[in-house]
1. Collect residues whose amide H, placed 1.01 Å from N in the peptide plane, falls under 5 Å from the amide H of B:Ala141; neighbours closer than 5 in sequence don't count.
2. Name the lysines eligible as straight-distance cross-link partners of A:Lys9: C-alpha to C-alpha under 23 Å, and not fewer than 8 places from it in the same chain.
3. I need the phi-derived Karplus couplings for the stretch B:151-167: 6.51 cos²θ - 1.76 cosθ + 1.60, θ = phi - 60°, integer Hz, Gly and Pro marked x.
4. Considering all alpha-carbon pairs of the stretch A:72-155, what whole percent are spaced by more than 23 angstrom?
5. When a footprinting reagent is the concern and you count Cβ atoms within 10 Å, what order do A:Val83, B:Val64, A:Val140 take, fewest first?
6. How far apart are the A:Gly305 label points across copies, placing each 7 Å from Cα toward Cβ, in nm, shortest first?
7. Using a label point 7 Å beyond Cα on the Cα-Cβ vector, give me the inter-copy distances for A:Ser197 in nanometres, one decimal, shortest first.
8. Quick one: grab the alpha carbon gyration tensor of the stretch B:165-238, order the square roots of its eigenvalues as a ≥ b ≥ c, and give me rounded if a/c is under 1.5, else prolate or oblate depending on whether a/b is larger than b/c.
There are 2 protein chains.
Amino acid sequence: MATIYEVAKLAGVSPATVSRVFNGASVSEAKAKAVRSAATALRFTPNRAARTLRKQSAEVIALVIPDIENPYFTEMARGVEDVAQAAGYSVVLCNTDAELAKERTYLEIALAENMAGVILAAASSASRLDEVLAGGRPVVAVDRRTGYDVDSVVMDNRSAGAEATAQLVAAGYQRIACITGPESIETARERADGWRSTVQRELSEAESEGLLRFSTFRVDGGRDATADLLEGPEPPDAIVAGNNLLGVGVLQELSGRGLTPPQIGVAVVGSLPFTTLSPNLVTIIRLNARQMGTTAAQLLLDRIGGDAGAARTVVLPHEVLPATVTAG
Amino acid sequence: MATIYEVAKLAGVSPATVSRVFNGASVSEAKAKAVRSAATALRFTPNRAARTLRKQSAEVIALVIPDIENPYFTEMARGVEDVAQAAGYSVVLCNTDAELAKERTYLEIALAENMAGVILAAASSASRLDEVLAGGRPVVAVDRRTGYDVDSVVMDNRSAGAEATAQLVAAGYQRIACITGPESIETARERADGWRSTVQRELSEAESEGLLRFSTFRVDGGRDATADLLEGPEPPDAIVAGNNLLGVGVLQELSGRGLTPPQIGVAVVGSLPFTTLSPNLVTIIRLNARQMGTTAAQLLLDRIGGDAGAARTVVLPHEVLPATVTAG
DNA sequence: GTGAAAGCGCTAACAC
DNA sequence: GTGTTAGCGCTTTCAC
């Protein structure tokens, strides 16, 4: 790899001038041209490690997520990437497996690499951001808030859970269960809250507890919880799934037992990635993960650009896609 | 962020000694202990940009893939990550959207960042690796070979396509179509080749062309091609899908038309991620993307470690999961 | 085993 | 507008 000195020598200018050309500072057109052609001839690319060391900041954004195999997060990653790339930033995807230790390691790396900022879908409410924030790096929380005073982009989970439930009520179901993620995760609790309030208001006070399952936000969690519910003394006639993967698990388990919507009602908060089921059988409360990604990236870029205002929280809307085939 | 100098001062040693402690060189136990406690007190983490600049190499591996939203590639990413992480390397995921320009940019970045190596699922057979290789960085090709003499890890695509087709033949289907990816992608061609040879051998010479569609490796591609096939003069009675997303698209389109396997036979090369369909209705030629990832990472680490032997090609086995419910 | 010092490639004062 | 120079934080000879 050629250095700035070799380019300078070939172009007959100083290294500083070469640097200026590559950083948009004012240079006479003649010298700029000479530099550019020398750079091309030597296949020069600025060394990013050196630039990062000198500037104390890399043009890289860390996107830290709990599950890279969940399409919700990869969709989000696409959104982040699009905005970041347009602004000249690269995105580094870090997968924590929802483990605090891995998350911690990645946050340390982000700091040690002088990355410009972090977009974090926290592993749990216990996530620690002290180090990164002490290092002066902006953080934007996505999907889940953190215990820190940072920008966040979230869905209206309570309302999404309520909406999912209301759709099932409207379709005539009477015993509506809810399978959501780990209780340690804000979104899981909020979606369950939405379900609970709707059930209690629309059906009966009694019709809630006993029908709630905190599980994992994964397919197997959905299957297990569904099996558990169906094998109970008073099985539900409908299920609200707290995220996309749980939805898949629910439907898989039902299908294994010969049950298909609308025989039993199903509403999913999120989406049904790669479903092969007819879309009008299941109610979807669609969460726009991509938009969450673009919004978060924009907020982060603002902060990187020096915006020091108070922390903002953006709540994104969801879209209701009701099942059109119902039991009724 | 504390520096090595501050740690040195606090511990009463030279910066060089601090560096040695953090790099496993021999240091007296007394000083090592002093350094460690000073480092902890100052919350010292070595600055990676500085280390990278000095060592001319970062402990980072680039994983360059064409579609981050395809579970096949995220599964592969998991495999890469597991091996890399165990060896102390971070993984940077780069999404090219199967565009050569983006791929080129990412490869340049990998070089400019002094990354230790690249694992590449090439955007097309026209991918250029000259710069990276000239920079002395090892490259391992995954899923698809490149035109360069580098290590590669691939599936036996021809055999996978043949196996998928043979399963449909065995189930009694007579007009078996094939929907595969872009003709510019090796895997797409090879899977089609496997299909063609089996159809020609088992059925009739005539029963092949006209039933082959080169599409995109995406869900919409599967839908469009299926629609196209079904609306033709002599529609197929079975379809081989060239990858997971095409399989989803095929099943979606069929389902929209009220067709479900085994009314029409379906075999998929790859897997059916997050399917809600009963697994015994569709034949799956399962490709182990995770294993592909771990294998590639291992090969790359060997190269990074200095292995300069001839380029190797590893061909991974697939697993046949036949549909057990057939039209017969 | 340990310290002094040079230098990785770049940017940003500072002088002109 | 342009060149000179110092220095970002680290690793690594080279002496001792």
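Readers should treat all values here as calculations from the given coordinates under stated rules, not as data from a laboratory. Please read these numbers as outputs of a predicted model, since none were measured by experiment. Positions of Cβ are backbone-derived with ideal geometry, glycine not excepted, and every protein chain shown enters the neighbour counts.
1. So B:Ala141 has HN proximity to B:Leu120, B:Asp151, B:Ser152, B:Val153.
2. In chain and number order, the partners are A:Lys31, A:Lys33.
3. 4, 9, 10, 9, 9, 8, 5, 4, 5, 5, x, 5, 4, 4, 5, 4, 4
4. Details: 485 of 3486 pairs.
For the stretch A:72-155, the fraction of Cα-Cα distances above 23 Å is 14 percent.
5. On the way: A:Val83 20, B:Val64 24, A:Val140 28.
Ranking A:Val83, B:Val64, A:Val140 by Cβ neighbours within 10 Å, fewest first, gives A:Val83, B:Val64, A:Val140.
6. 4.7
7. Once sorted, the set of distances for A:Ser197 reads 6.3 nm.
8. In terms of gyration-tensor shape, oblate.
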